[in-house]
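Have a look at the structure below, then the notes.
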Amino acid sequence: MYAEIVFPIPHKGGFTYEIPRHLLGEAVFGKRAIVPFGKRTLSGYIVRTFDSPDSPPEFTIKQIHDILDEFPLFDEDGFRFYQWLGDFYLGSLGEALRHADPYGTGVESVKTIIAEKSVCAQMLEEETRKSGSRFKILEYLSTHATVSLKHLQKKTGVKNINSTLRKLEAVGALTVISDMSSPKVREKTALFVRLAIPLETLYEMLPEIEKRSPGRVRFLLALASGKQPVYPIQAMIRTTGISLAAIRALEAKGVVEVTRSRIERKTTHFYTEDEKEIILSDKQKEVVDAILPSVESGIFKVFLLHGVTGSGKTQVYIELAEQTLAAGKSVLILVPEISLTPQMTARLTNAFQDQVAVLHSRVAGGERLDAWHNIAAGNIQVVTGARSALFAPLQNIGLIVIDEEHDSSYKQSELSPRYHAREAAIMKAKIEGCPVLLGSATPSVESMFNAVSGKYELLTLPERIDNATLPDITIVDVSKGENEVKQEGLFSKILIDKIRDRLKKKEGIILLQNRRGFSTQLFCQSCSTVEQCTNCTVSLVYHLNDTLLRCHYCGYTKPVPRICNTCGSKHLIHLGAGTQKVEDEIEILFPGAVVKRIDSDTMDKKGLLSSILLGFRNGDVDILVGTQIVAKGLDFARVTLVGVVSAETSLWLPDYRANERTFQLLTQVAGRAGRSSIKGEVIIQTLNPDHIVLRDVVAGDYQAFYNNEIESREGRGYPPYTHLCLAEVKHEHEEKAREGLTEFYLEMLKHKSIVYSTPPTAAVIRKIKNEYRYQMLMRSWRKNDPAGNGLRKAIEESYTRFRETGKHKDIRIVFDINPQSVV
């Protein structure tokens with residue numbers, strides 16, 4: 001028997017391996033196998049088993065070493081979904097199947113280099129080419145005796161390292177050792193003990209045991225109490241004082257039985273809410289009634305729920321989930337960011353208790369693995385989390401909900417395949433045979449277009465619940481003179497007065513500044529130099545807490561210089577403002593207020609976000625300062641004031657989605673105010689008060705925004721009227737990056753009857769992590785290419801020809817289908 005195995009690498013095809021006789025029952029479709037792959041050992045996915053190869057092999061077929069899984073990670077429907085995921089986003093099947101892995105359980109071979117430092121040092125002195133790969137490797141190994149291959153590549157910057165290592169190993173400068181890596185996460189197990197003899201027999205033995213060891217009697221009587229079937233040994237040792245050796249002695253005599261069992265690690269939810277009896281409004285009931293027939297009959301259909309902020313969309317999700325579970329089916333609810341999970345999780349847990357699992361990157365590895373196993377075993381019926389929760393092994397899905405469906409966080413932009421969770425969820429629902437509910441107060445232009453054209457069914461919640469009304473929004477023009485606005489630092493007088501008023505009333509305040517750090521630039525007034533990252537073409541951001549300049553793209557840091565590195569001037573000033581500066585100035589203006597900051601810099605500590613939100617809800621925190629995280633999903637009745645420090649952070653980006661993102665961000669953050677009977681108020685500070693997007697935000701007019709945006713998109717040839725793909729090349733040599741992408745562009749011109757391709761240009765941020773970036777945009781019109789198949793086919797054919805030329809072997813082109821940004 002043979003198996004076709006695919007690997008999580010950018011290779012489209014599979015590889016044939018022989019199944020050894022002792023693994024015939026284990027090596028089945030859907031499991032991972034450990035196999036030799038070149039000079040490495042990898043785990044790959046079995047996608048087919050068969051009796052013999054289609055044609056006689058020209059080489060010796062290698063055997064599978066072992067099987068990694070107890071049961072398959074995917075079934076036929078799941079396999080179809082992962083096939084689509086790889087094909088649609090121009091990735092490989094193996095790269096798509098990587099998402100099916102239980103977290104942290106993959107294995108692969110790792111190489112360790114053991115260096116003879118003295119030999120390396122001598123060879124280093126004799127080396128004539130001081131800038132070559134060999135010199136860099138010898139230089140590092142002359143001072144480091146042991147290093148992993150990956151670490152050596154990172155420290156030396158040499159990617160194609162194996163050939164040089166083989167030559168150095170041949171002359172005795174080093175030894176390369178190969179070994180298998182251990183899984184990052186393992187099942188947690190513990191020893192348990194139970195009584196192995198009848199109670200009557202035990203009672204007969206107790207007098208004799210008591211003479212020898214009274215401590216054992218306490219232990220045995222505790223087991224005999226029968227309060228639970230088995231007892232954790234460590235707990236019994238603590239409570240009865242017995243030793244492990246004594247328990248083993250009783251086991252040897254057959255008095256007790258010791259077993260090792262898996263312990264489930266459950267996620268601790270720090271944020272909680274009191275249960276409330278909520279009665280749905282008539283509008284909410286209409287939405288539920290419209291969706292429920294598709295749930296019960298198992299019919300695929302996409303619904304777009306356009307509900308204003310505070311209209312009770314979450315309660316609609318919970319009601320539908322209850323009905324879905326009552327029908328014997330499971331529910332998947334996606335949220336765009338981790339920041340939304342505390343409140344969503346608390347409400348789902350109140351409704352469904354231990355039937356809920358939470359999956360996202362901040363959940364500890366062991367907890368994620370145990371949750372995965374519980375979901376796969378059918379013990380969990382409701383899964384919520386960020387985009388990775390889409391790949392949970394839920395069975396018999398009856399409903400998929402995408403909350404805040406407009407959010408760009410649903411796009412995977414770093415690893416192939418670069419999928420969009422909304423698009424992928426819709427395809428998953430189509431394969432599973434269930435409805436999808438997309439919810440948002442500010443639907444994406446594409447989703448609303450699909451609703452208007454009849455592809456999706458549009459449902460609305462036009463009013464807030466609980467007699468709440470939408471907040472009043474005021475635009476403050478901070479470009480005016482000081483006498484008119486009277487700014488104090490970052491804040492206009494009107495915003496300061498509003499904050500002071502809310503603090504007196506003990507009402508909640510949220511301040512949005514969509515930039516991290518203290519200042520965004522360190523600027524020399526003498527020569528106009530801005531401190532730049534050495535690895536990226538971006539300015540360094542000053543972080544107040546650790547008094548460092550930091551790059552938000554590569555993580556590079558440096559101390560804050562006292563003089564300009566270019567001209568030696570002492571006249572250095574901080575320009576631009578981030579959340580740290582907002583926090584700092586607010587604490588100076590209102591020294592008695594309790595201020596907490598929420599951004600990615602403060603969310604590293606487990607449970608910190610939940611504790612801040614609890615404090616804010618209970619009134620222990622007065623003011624929340626944050627990036628866009630504070631604009632998403634926070635539902636607190638005590639918030640009556642929202643201040644936007646600068647509305648321009650996303651408005652002036654050179655991106656076709658800039659207007660859309662600005663409208664969504666400002667509308668969403670404004671929606672945090674006035675979610676009770678107390679009227680809310682929003683102050684938006686801007687340098688451009690007459691911008692059409694800001695006018696639509698003030699009016700709360702989504703329809704006007706949509707009409708303007710859809711007309712603009714059609715005229716400029718952007719989605720939803722076209723399919724887009726962004727191609728990008730990164731290389732340490734700028735000329736190679738440009739030449740490689742230009743060669744591909746020339747290949748794409750052969751498909752100009754279907755696809756319009758723009759010539760390659762340097763990216764807006766030209767260099768990141770010491771690699772130069774060149775991009776080109778390709779598009780096809782939906783009226784000629786409805787599903788985008790023509791665009792993908794043209795790209796695949798062009799890339800195949802590009803590879804066949806062999807001119808740019810060290811160039812890899814990354815393709816992003818339907819990119820969320822073209823910057």
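The values are calculated or read from the model by the stated rules, or taken from the named source; none is laboratory data. All values derive from a computational prediction rather than experimental measurement. FYI the Cβ positions are ideal-geometry reconstructions off the backbone, even for glycines, and counts take in every protein chain you see. These area figures cover heavy atoms from the full protein model, side chains too; ligands, DNA and RNA do not enter into them. Shrake-Rupley method; radii C 1.70, N 1.55, O 1.52, S 1.80 Å.
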Fill in the blank from the handout: When A222 is run through (1) farther than 14 Å from V193 by Cβ; (2) open to solvent by less than 50 Å² (accessible area, probe 1.4 Å), the failure sits at (1)
Handout entry: Candidates R248, R238, filtered to the one that is modelled with pLDDT of 90 or more and basic (K, R)
Key = R248
Practice task
Filter region 604-658 for residues that are in contact (Cβ under 8 Å) with a residue 60 or more places away in the chain and acidic (D, E) and give the result.
Solution key: D622, D635, D655
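Select, from D785, D816, the only residue that is open to solvent by less than 60 Å² (accessible area, probe 1.4 Å), charged (D, E, K, R), within 24 Å of P719 (Cα to Cα) and touching an Asp or Glu at 6+ places or on another chain (Cβ under 8 Å).
Residue meeting the stated conditions: D816.
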Exercise for the section: Exactly one condition in (1) of a type in the set (D, E, K, R); (2) under 24 Å from L511 (Cβ atoms); (3) open to solvent by less than 50 Å² (accessible area, probe 1.4 Å) is not met by E587; state its number. Expected result: (3)
Practice task
Could you tell me which residue of region 488-514 is farthest from A670 (Cα to Cα), considering only residues that are open to solvent by 60 Å² or more (accessible area, probe 1.4 Å), touching a helix residue (DSSP H, G or I) at 6+ places or on another chain (Cβ under 9 Å) and in contact (Cβ under 8 Å) with a residue 40 or more places away in the chain?
Solution key: E488
Problem - Count of region 249-269 residues which are touching a strand residue (DSSP E or B) at 6+ places or on another chain (Cβ under 7 Å), surrounded by 14 or more Cβ atoms within 10 Å (Cβ to Cβ) and among the charged types (D, E, K, R) - result: 2
Exercise for the section: Among what's in region 540-571 and is closer than 26 Å to R597 by Cβ and among the charged types (D, E, K, R), pick the residue that is least open to solvent (accessible area, probe 1.4 Å). Expected result: K558
Completion exercise
With the first residue restricted to region 553-577 and required to be free of Cβ contacts under 8 Å to residues at least 40 places away in the same chain, and the second required to be among the small types (G, A, S) and not in a strand (DSSP E or B), Cβ contacts under 9 Å at 6 or more apart or on different chains are I563/S569; G568/S526; K570/S526
Fill in the blank from the handout: Residue set F7, F15; condition free of Cβ contacts under 8 Å to residues at least 40 places away in the same chain and in contact with a Gly (Cβ under 9 Å, 6 or more places away or on another chain); output residue F15
Fill in the blank from the handout: Being modelled with pLDDT of 95 or more and either more than 25 Å from the chain's Cα centre (by Cα) or of a type in the set (A, V, I, L, M, F, W, C) (or both) narrows V445, V478 down to just V445
Problem - Checklist (1) open to solvent by 20 Å² or more (accessible area, probe 1.4 Å); (2) β-branched (V, I, T); (3) closer than 24 Å to Q532 by Cα applied to I754, failing item - result: (3)
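Which members of region 406-439 meet the condition of being among the charged types (D, E, K, R) and under 15 Å from the mean Cα position of the chain (by Cα)?
Hits for region 406-439 are D407, K411, E414, R418, R422.
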Practice task
Scan region 145-158 for residues that are open to solvent by less than 50 Å² (accessible area, probe 1.4 Å) and out of contact with any strand residue (DSSP E or B) (no Cβ under 8 Å at 6 or more places or on another chain) and jot them down.
Solution key: T156, G157, V158
Problem - Some residue of region 321-329 being out of contact with any Leu (no Cβ under 7 Å at 6 or more places or on another chain), closer than 28 Å to P462 by Cα, open to solvent by 10 Å² or more (accessible area, probe 1.4 Å) and free of Cβ contacts under 8 Å to residues at least 40 places away in the same chain - result: yes
Practice task
Would you check if E70 is closer than 17 Å to Y419 by Cβ and under 29 Å from the mean Cα position of the chain (by Cα)?
Solution key: no
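Based on what the data block shows, is I5 at pLDDT 90 or above, farther than 30 Å from V358 by Cβ and out of contact with any Pro (no Cβ under 7 Å at 6 or more places or on another chain)? Walk me through it before giving the result.
Values: at pLDDT 90 or above: yes; farther than 30 Å from V358 by Cβ: yes; out of contact with any Pro (no Cβ under 7 Å at 6 or more places or on another chain): yes.
Against the criterion (at pLDDT 90 or above, farther than 30 Å from V358 by Cβ and out of contact with any Pro (no Cβ under 7 Å at 6 or more places or on another chain)), I5 qualifies.
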Practice task
Please state which of the following conditions F391 fails to meet, knowing it meets all the rest: (1) more than 22 Å from A727 (Cβ to Cβ); (2) free of Cβ contacts under 8 Å to residues at least 40 places away in the same chain.
Solution key: (2)
Handout entry: helices (runs of 4 or more DSSP H) enclosed by region 65-144 - at least 1 residues per element that are without any contact (Cβ under 8 Å) to a residue 24 or more places away in the chain, among the aromatic types (F, W, Y) and crowded, with 21+ Cβ neighbours inside 10 Å
Key = 76-88
Exercise for the section: Please verify whether region 183-198 includes one or more residues that are free of Cβ contacts under 8 Å to residues at least 40 places away in the same chain, over 41 Å from the mean Cα position of the chain (by Cα), more than 27 Å from T112 (Cβ to Cβ) and open to solvent by 50 Å² or more (accessible area, probe 1.4 Å). Expected result: yes
Practice task
Check off (1) open to solvent by less than 50 Å² (accessible area, probe 1.4 Å); (2) farther than 28 Å from H552 by Cβ; (3) at pLDDT below 95; (4) not polar (S, T, N, Q) for G517 and give me the number that stays unchecked.
Solution key: (2)
Exercise for the section: Might you check whether a residue that is under 19 Å from Y89 (Cα atoms) and not in a helix (DSSP H, G or I) occurs anywhere in region 805-813? Expected result: yes
Handout entry: Enumerated helices (runs of 4 or more DSSP H) restricted to region 369-486, each holding at least 1 residues that are of a type in the set (G, A, S), open to solvent by 20 Å² or more (accessible area, probe 1.4 Å) and touching a Leu at 6+ places or on another chain (Cβ under 8 Å)
Key = none
Exercise for the section: For region 235-246, state whether one or more residues are exposed (fewer than 13 other Cβ atoms within 10 Å of the Cβ), among the basic types (K, R) and either out of contact with any Leu (no Cβ under 6 Å at 6 or more places or on another chain) or assigned to a helix (DSSP H, G or I) (or both). Expected result: yes
Practice task
Please identify the pairs in which a residue from region 347-359 that is of a type in the set (S, T, N, Q) has its Cβ atom under 7 Å from the Cβ atom of a residue that is assigned to a strand (DSSP E or B), counting only partners at least 6 apart or on another chain.
Solution key: T349/V356; Q355/V382
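Can you name the residue in region 281-308 that is hydrophobic (A, V, I, L, M, F, W, C) and farther than 22 Å from S330 by Cβ and, of all such residues, is surrounded by the most Cβ atoms within 10 Å (Cβ to Cβ)?
First, pick out the residues of region 281-308 that are hydrophobic (A, V, I, L, M, F, W, C): 287-288, 290-292, 295, 299-300, 302-305, 308.
Adding the requirement that they be farther than 22 Å from S330 by Cβ leaves 304, 308.
Working: L304: 24, V308: 19.
My answer is L304.
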Exercise for the section: Search region 797-811 for residues that are within 9 Å of F744 (Cα to Cα) and pair each with any residue that is of a type in the set (K, R) and modelled with pLDDT of 85 or more when their beta-carbon atoms are under 8 Å apart and the residues are at least 6 apart or on different chains. Expected result: S798/K750
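Inside region 693-722, can you point out the residues that are more than 13 Å from L666 (Cβ to Cβ), open to solvent by 60 Å² or more (accessible area, probe 1.4 Å) and not small (G, A, S)? It would help to see each step written out before you state the result.
Filtering region 693-722 down to residues more than 13 Å from L666 (Cβ to Cβ) leaves 703-704, 706-722.
Of the ones still in play, those that are also open to solvent by 60 Å² or more (accessible area, probe 1.4 Å) are 703, 707-708, 711, 714-716.
Answer for region 693-722, where residues must be more than 13 Å from L666 (Cβ to Cβ), open to solvent by 60 Å² or more (accessible area, probe 1.4 Å) and not small (G, A, S): Q703, N707, N708, E711, E714, R716.
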